[in-house]
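Engineer: Right, I'll just put the structure down here and ask away after.
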């Protein structure tokens with residue numbers, strides 16, 4: 001099947017001008033940034049599968065965690081300066097994540113960047129010893145892991161049931177649907193990356209000293 005696909009591409013009468021095709025269809029995508037249009041409209045099936053892989057990775061990471069509660073007091077810092085800085089950094093990083101999510105429709109940004117910033121915020125909170133009940137294996141963590149994939153799949157199935165193709169958005173609602181999907185993806189990506197961090201085992205070995213060949 002792969003060979004037949006490659007052969008059919010090689011036998012095409014003329015190469016397709018993808019940038020021109022994207023530019024001609026950009027107004028119908030619901031967003032004005034070409035990367036967001038490709039990832040969440042024209043090639044949304046690939047993105048859906050990527051999110052599915054992330055969800056599986058998050059679940060596998062939690063399943064292999066060394067502690068069932070995902071809590072490790074040794075990672076927490078009692079540094080007063082760090083705690084004081086977190087009071088400024090955490091709100092700023094949350095605002096940055098919200099901006100990246102909102103800006104993704106017309107400039108570089110979107111759910112993946114916003115989710116990474118959310119995960120970084122969670123890492124700082126964990127290292128600083130701030131309360132993080134949402135990372136414990138309860139309903140909130142499970143819901144956060146699958147929220148983005150579930151919203152994405154729900155939009156896709158709803159479009160198919162209503163008479164459109166799978167993952168084909170109505171032109172008048174494409175922008176709102178894409179933004180709704182990105183909100184769910186942002187929360188899930190942040191939760192998955194944070195869960196992988198807190199579930200990772202802590203190495204108890206020490207770094208070898210310079211000149212030590214053992």
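The values are calculated or read from the model by the stated rules, or taken from the named source; none is laboratory data. Only a predicted model underlies this, so the values are computations on that prediction, with no experimental measurement involved. Cβ atoms come from the backbone with ideal geometry, glycine included; neighbour counts cover every protein chain shown.
Engineer: Can you report the number of residues in segment 167-183 which are in contact with a helix residue (DSSP H, G or I) (Cβ under 9 Å, 6 or more places away or on another chain) and free of Cβ contacts under 8 Å to residues at least 40 places away in the same chain? Working first, answer last.
Structural biologist: Kept after step one, since they are in contact with a helix residue (DSSP H, G or I) (Cβ under 9 Å, 6 or more places away or on another chain), are these residues of segment 167-183: 167-171, 174, 177-183.
Applying the additional criterion that residues be free of Cβ contacts under 8 Å to residues at least 40 places away in the same chain yields 168, 170, 180.
Residues flagged as in contact with a helix residue (DSSP H, G or I) (Cβ under 9 Å, 6 or more places away or on another chain) and free of Cβ contacts under 8 Å to residues at least 40 places away in the same chain within segment 167-183 amount to 3.
Engineer: Which of (1) at pLDDT below 80; (2) under 18 Å from the mean Cα position of the chain (by Cα) is the odd one out, the single condition residue 202 does not satisfy?
Structural biologist: Just one mismatch for residue 202, condition (2).
Engineer: Which of the residues that make up segment 98-126 are part of a loop (DSSP other than H, G, I, E, B) and at negative phi?
Structural biologist: As a first pass, look at segment 98-126 and keep what is part of a loop (DSSP other than H, G, I, E, B): 104-110.
104, 105, 106, 107, 108 - these are the residues of segment 98-126 that are part of a loop (DSSP other than H, G, I, E, B) and at negative phi.
Engineer: Before we move on, is residue 118 without any contact (Cβ under 8 Å) to a residue 60 or more places away in the chain and either crowded, with 18+ Cβ neighbours inside 10 Å or more than 20 Å from residue 50 (Cβ to Cβ) (or both)? Spell out how you get there, then give the answer.
Structural biologist: Numbers: without any contact (Cβ under 8 Å) to a residue 60 or more places away in the chain: no; either crowded, with 18+ Cβ neighbours inside 10 Å or more than 20 Å from residue 50 (Cβ to Cβ) (or both): yes.
When the stated conditions are applied, residue 118 does not pass them.
Engineer: Considering only residues that are in a loop (DSSP other than H, G, I, E, B) and surrounded by 10 or more Cβ atoms within 10 Å (Cβ to Cβ), look in segment 2-51 and name the one that is modelled with the lowest pLDDT. Please lay out each step first, then the result.
Structural biologist: Here is the first cut: in segment 2-51, the ones in a loop (DSSP other than H, G, I, E, B) are 11-17, 29-33, 43.
Imposing the further condition that a residue be surrounded by 10 or more Cβ atoms within 10 Å (Cβ to Cβ) reduces the set to 17, 29-33, 43.
Values: 17: 76, 29: 81, 30: 82, 31: 86, 32: 83, 33: 85, 43: 85.
Checking each candidate, the answer is 17.
Engineer: Please enumerate the residues belonging to segment 150-169 that are surrounded by 15 or more Cβ atoms within 10 Å (Cβ to Cβ) and outside any loop (DSSP other than H, G, I, E, B).
Structural biologist: If we filter segment 150-169 for residues that are surrounded by 15 or more Cβ atoms within 10 Å (Cβ to Cβ), which is where we start, we get 150-153, 155-156, 159, 167-169.
Listed by number, the residues that qualify are 150, 151, 152, 153, 155, 156, 159.
Engineer: Please work out if residue 176 is over 16 Å from residue 94 (Cβ atoms) and modelled with pLDDT of 85 or more. Walk me through it before giving the result.
Structural biologist: Values: over 16 Å from residue 94 (Cβ atoms): yes; modelled with pLDDT of 85 or more: yes.
Yes.
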